[in-house]
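As structure tokens, the structure follows; a few thoughts come after it.
Read the figures in this text as sums done on the coordinates, not as results from a lab. All of these numbers come straight from a predicted model, not from anything done at the bench. When we count neighbours, we look across all protein chains shown, and the Cβ atoms used for this are built from the backbone with ideal geometry, even at glycine.
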Amino acid sequence: MISLRKMGTRNTFIIFGIILLTPIAIYAWQFGIGIWKTHDDWAKMGSALGGIYAPILSALTLYMIYRQLRLQAVIHLDQMDWQKLQTSRNHGVFLCEKIKDIISSHHGMRRFLDTLEETQPHKKISKEDYLTFVGKDETSMLLYQLITLMRKLRFCETGKEIRFHLHGLALASIGAELLNSFEIRLCRWHDMDHKDFNRDLCVFTDQSDLDTLQQLRQR
């Protein structure tokens, strides 16, 4: 059955017009129509058309009320989605600024570099060891949140725009080398264990890095 919603407003009005004009056309074809000379003829026509139009107009009114309620629900959901995306954007900006503050200090940068050293892709560590190293480093934990957030933003156009903004902000605040190094280790020790993992999930890592990691996993 064809949905009137999918047919568009113009086609919907055309259908409504046909529905409303059809009873008049049928009555005119069967009995004729004109300026009647007697009250009985007018009464008969009014009674016939009234009996037909009452349920039709009731059905169309209910349909319009339904459409209005659906529209309000869609607008409400769109507003909620927009608010969630703005919250994600603000959270991403906060993460970038927080990471920038941490690595700007000698201690914060040293701790992060030590984590990268301990979790190099060629080392023989387990996923649990990797999570332990990352869990002890605030910068790594924040970067994990940032990358996870940016991966989720790829599912809609507005989310992609926010992801693009956060991508540039992260590069300016943290640097491409550090971001790439962390995500390579995240892919190596965490993400590639999942069978559905693919290049589309990556934010700062390219296909050549993933190919290298795959070779390391096969050794």
### Task
Work the Kirkwood hydrodynamic radius out for the chain: mean of 1/r over every pair of different alpha-carbon atoms, inverted, in Å.
23.0 Å
### Task
Quickly work out the Y66-to-T38 label distance, labels modelled 7 Å from Cα along the C-beta direction, and quote it in nm with one decimal.
4.3 nm
### Task
Report the extension gain between D114 and Q86 in nm, rounded to one decimal, defined as 0.36 nm multiplied by the number of residues separating them, less their alpha carbon distance.
6.7 nm
### Query
What FRET efficiency do you get for S208 and A172 if R0 is 22 Å and r is their Cβ-Cβ distance, rounded to the nearest 0.05?
0.40
### Query
What list of ³J(HN,Hα) values in whole Hz, one per residue of the stretch 171-176 in order, does the Karplus curve 6.51 cos²θ - 1.76 cosθ + 1.60 (θ = phi - 60°) give from phi, with Gly and Pro shown as x?
4, 6, 8, 10, x, 5
### Message
From the helices alone, meaning DSSP H stretches of at least four residues, give me the mean residue ellipticity at 222 nm for the chain, per-run term -39500 (n - 2.57), in deg cm²/dmol to the nearest 500.
### Response
-27000 deg cm²/dmol
### Query
If R0 is 22 Å, what FRET efficiency do you get for K124 and K152 from their C-beta distance, rounded to 0.05?
0.10
#### Entry: Signed unit charges on C-beta, dipole axis of the chain, positive-most listed residue A48, M64, N11
A48
### Query
Taking only C-alpha pairs under 8 Å that are 6+ residues apart, what is the relative contact order of the stretch 120-195 in percent?
44 percent
### Message
Net charge around H190, counting only other residues with Cβ within less than 15 Å of its Cβ (Lys, Arg = +1; Asp, Glu = -1)?
### Response
-2
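State the extension gain, in nm to one decimal, for the chain segment bounded by F16 and Q30, taking 0.36 nm per residue of separation less the distance between their alpha-carbons. All intermediate terms of the calculation are to be shown ahead of the outcome.
Details: separation 14, 0.36 × 14 = 5.04 nm, distance 2.22 nm.
Roughly 2.8 nm would be gained on extension.
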### Message
I'd like the Karplus ³J(HN,Hα) series for the stretch 91-102: coefficients 6.51, -1.76, 1.60, θ = phi - 60°, whole numbers in Hz, and an x wherever there's a Gly or Pro.
### Response
5, x, 4, 4, 4, 4, 5, 5, 5, 4, 5, 5
## Note on the structure
Listed by chain and number, the lysines with an alpha carbon less than 16 angstrom from that of K195, same-chain partners under 8 positions apart left out, are K127
## Note on the structure
For the pair A73 and A59, the simple spin-label estimate (label points 7 Å beyond Cα toward Cβ) gives in nm 2.2 nm
### the chain, dipole about Cα centre (Lys/Arg Cβ +1, Asp/Glu Cβ -1), debye to the nearest 20
560 debye
### Query
Using a basic spin-label model with each label point 7 Å from the Cα along Cα→Cβ, how many nm lie between V93 and T132?
4.0 nm
### Query
So what J values fall out for the stretch 159-167 if you push phi through Karplus, 6.51 cos²θ - 1.76 cosθ + 1.60 with θ = phi - 60°, rounded to Hz, Gly and Pro as x?
x, 5, 5, 5, 4, 4, 5, 5, 4
